[in-house]
Amino acid sequence: MSAESTLAPPKSSWIEVEGGVVRNQLLPGKRHHYAVIELPASFPAPLAGQFAMLGPSPSPSGLLLKRPMSVARAWREADHLYLGFLYTVVGSGTQALARARERWTVLGPLGRGFPLSQGPRILVAGGRGVAPLVLLAEECARRGEAVAFLNGARNAAELIAPEDLGAGAFAEGSVLLETTEDGSRGRQGRVLDALDDPRVRALFAKPGAMFYSCGPHGLLEAVGHAARERKASTSVALEAHMACGTGICRSCVIPRAPGAPVPAEASNTSFLLACLDGPCVPADTVDWKNAP
Amino acid sequence: MSPTPTQTASADLTTRLGPLTLANPIVAASGTFGYGDEFADRIDLSHLGGVVTKTVTLLPRAGNPPHRIVETPAGMLNSIGLENVGLAAFRTKKLPRLAQLPCAVIASLGGETPEELTRLVEALEEESGLQGYEINFSCPNVKAGGARYWANAKLLESTCASLKSRTRRSLWAKLSPNVTDPAEMARAAEAGGADAVTLVNTFVGTAVDLATRSFKLGRPTGGLSGPAIKPLALAQVYEVSGAVQIPVVGMGGIASVDDVLEFLLVGASAVQVGTAHFLTPSAGVRLAERVAQRLSELGFASVHAMVGAIGRPAGGPIAE
């Protein structure tokens, strides 16, 4: 991945292209699919946390909208950019994608990615929310910077490890902890239970610790609480129903936290737009009680 | 006279809507193309006949709570609730950029009363960069000033008359399909002096989540759009275009160039492309690029010749 993450990610600059499906299958023993799409080199390399709108090509009759997915992996090889997407078949859109074995249409990269902190980075994944954190961990590894990677899921079939997606080794000094609620893999419990690991606790003694998280909104809210207790900052990747991904349809609204600062350029003072203001936002900017 | 298909793409695409002549009949629909300038740096908007802005109201509106969309078979329901930046920000932040666009710009205006619409038109008459107004008499997703309020022929007529007296720009009335007699509403708009009627806005619909025993949208109902409504829309455009003398701007589920021509054939003088823009922002431009070729293939020398030509051979009068 050649893109530089920066402290203030620029607004996305997308293109729409067709790409060849290199692989697209259920991960062995898992409940999630993984697809790799080959795109022309002109496709801008995504920042960790950015997403794309994906549709089968040609679009089957009856299916209307593309589906948003975080980029899980990105690499350049020869004259192509390859993007990896982790997804679960939950409805007609993802089912059509699972059946599309030759070409997908890809519109992206979209949204604001994770801003890179200078201090320790604690990555917290819930289920398939691991996807953008794999790309972030790879970006950190490329820079030779260690991370704490807390990877939790309901059970072993739901838990996707970075190596399941072919991701390389983390930088030296990194900590990888796995949890499942039923104990079928890793430590039994919830992913934030792993914060009591002494190697993770030690990170909060250093200045500038930052949580990065993606998963169910309940987890993102809990990450916000955990960060406040530890005086750490956060960037969490929102999920929302979305028609266009480009800020036009105004569908993917998430209520802003009461009293949270609203940037002057915000297009709506009551709602965050997941596609333009996010998907990666500080957890304390969201009104989680009224979030979908 | 039999059709004489030609392979040239020299058909005359212009179409007149009162005082406004569009370079071609393809217009981006309100609420599906932002304020109009968002894609201008990556899509050549000179291919479009025009764009209709997101509906602008006097004050900013935050819009409805999520969820705001759900996909349904061949369509989607939305409940956006007229989220927009409001008149003041529209004037200062959006209009200067819209004035630079290489196609006609129509401001969509929404109001809860005739007086609010009057104030919007009076304010925008002080600005350059607009070629027309499309009055949104048909939003299904707001409590006040929505489709139910405006489904009143007398109110529609007097409001159109009041607005028409304040502008020389093209005035379009966007009508709801959720009425017993759409032709009656169109005749009222015509009697009030509207230069065109736009239809259809979305059909009221809903979707239910059995598992949670709740509506899938944040409000109980939304508006249905997309290819699922095309047959309903075609029928309403056909009925209304036979009931009024002013042009009809037809829309509802247009996704292909043939969809465009079907709307022209049943009586639309121009069409709007809406939901298709969510699938791909270049949808309208792609259709516009193909209209001339397809008209020629079908034996029509102009858009004008095709408008309302259903049941007639290409280029000729109604066969006896």
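The values are calculated or read from the model by the stated rules, or taken from the named source; none is laboratory data. Just so we're clear, the structure is a prediction, and the values are computed from it rather than from any experiment. Positions of Cβ are generated from backbone atoms using ideal geometry, with glycine treated the same way; all protein chains shown enter the neighbour counts.
Remarks
- Summed over the range B:277-306, the residues that are within 14 Å of chain A (Cβ to nearest Cβ), more than 16 Å from B:Gly50 (Cα to Cα) and out of contact with any Lys or Arg (no Cβ under 9 Å at 6 or more places or on another chain) give a count of 0.
- Of all residues in the range A:32-41, at least one satisfies being within 26 Å of B:His277 (Cβ to Cβ) and within 19 Å of the chain's Cα centre (by Cα).
- Tally of residues being under 19 Å from the mean Cα position of the chain (by Cα), within 14 Å of another protein chain (Cβ to nearest Cβ) and not in a strand (DSSP E or B) across the range A:44-65: 1
- Just one residue in the set A:Gly144, A:Gly168 is over 15 Å from the mean Cα position of the chain (by Cα) and at pLDDT below 95; that residue is A:Gly168.
- Test: residue in the range A:22-34 that is buried (at least 17 other Cβ atoms within 10 Å of the Cβ), at pLDDT 95 or above and within 14 Å of chain B (Cβ to nearest Cβ): no
- With respect to the conditions (1) at pLDDT 95 or above; (2) within 14 Å of chain B (Cβ to nearest Cβ); (3) not in a strand (DSSP E or B), A:Val89 falls short on a single one, namely (2).
- Counted residues, the range B:210-238 - those being within 14 Å of chain A (Cβ to nearest Cβ), touching a strand residue (DSSP E or B) at 6+ places or on another chain (Cβ under 7 Å) and either surrounded by fewer than 16 Cβ atoms within 10 Å (Cβ to Cβ) or at negative phi (or both): 10
- Exclusive hit being of a type in the set (Gly, Ala, Ser) and surrounded by fewer than 19 Cβ atoms within 10 Å (Cβ to Cβ), set B:Gly86, B:Gly50, B:Gly31: B:Gly86
- Within the set B:Ser256, B:Ser241, the sole residue that is out of contact with any strand residue (DSSP E or B) (no Cβ under 9 Å at 6 or more places or on another chain) and either away from chain A (no Cβ under 12 Å) or modelled with pLDDT of 95 or more (or both) turns out to be B:Ser256.
- Single residue of the range A:268-284 satisfying the filter (more than 12 Å from chain B (Cβ to nearest Cβ) and surrounded by fewer than 21 Cβ atoms within 10 Å (Cβ to Cβ)) that is nearest to B:Ala28 (Cα to Cα): A:Pro282
- Scan of the range B:58-75 for residues that are touching a Leu at 6+ places or on another chain (Cβ under 6 Å), buried (at least 21 other Cβ atoms within 10 Å of the Cβ) and under 21 Å from B:Gly110 (Cβ atoms), ordered by number: none
Conditions (1) within 14 Å of chain A (Cβ to nearest Cβ); (2) among the charged types (D, E, K, R), marked per residue:
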residue	(1), (2)
B:His47	no, no
B:Lys54	yes, yes
B:Gly63	yes, no
B:Arg68	yes, yes
B:Asn84	yes, no
B:Leu98	no, no
B:Cys103	no, no
B:Leu109	no, no
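- Flag if B:Arg91 is among the charged types (D, E, K, R) and either farther than 30 Å from B:Ile246 by Cα or within 9 Å of another protein chain (Cβ to nearest Cβ) (or both): no
- The number of residues in the range B:130-150 that are modelled with pLDDT of 95 or more and among the small types (Gly, Ala, Ser) comes to 2.
- Matching residues, the range B:170-194, being crowded, with 21+ Cβ neighbours inside 10 Å and either at pLDDT below 95 or of a type in the set (Lys, Arg) (or both): B:Lys174
- Which listed residue is closer than 25 Å to A:Pro282 by Cβ and of a type in the set (A, V, I, L, M, F, W, C), from A:Ala100, A:Ala96, A:Ala131: A:Ala131
- Scan of the range A:92-132 for residues that are within 14 Å of chain B (Cβ to nearest Cβ) and of a type in the set (A, V, I, L, M), ordered by number: A:Ala96, A:Leu97, A:Val106, A:Leu107, A:Leu110
- Within the range A:63-95, being surrounded by fewer than 23 Cβ atoms within 10 Å (Cβ to Cβ), free of Cβ contacts under 8 Å to residues at least 12 places away in the same chain and not β-branched (Val, Ile, Thr) holds for A:Glu77, A:Ala78, A:Gly91, A:Gln95.
- Residue ID - farthest from the other protein chains (Cβ to nearest Cβ), chosen from residues in the range A:224-267 that are of a type in the set (Val, Ile, Thr) and without any contact (Cβ under 8 Å) to a residue 24 or more places away in the chain: A:Val262
- Selection status of B:Arg91, closer than 29 Å to A:Lys66 by Cβ, part of a helix (DSSP H, G or I) and among the basic types (Lys, Arg): no
- Among the residues of the range A:66-86, those that are among the basic types (Lys, Arg) and within 14 Å of another protein chain (Cβ to nearest Cβ) comprise A:Lys66, A:Arg67.
- Some residue of the range B:62-83 being of a type in the set (A, V, I, L, M, F, W, C) and assigned to a helix (DSSP H, G or I): no
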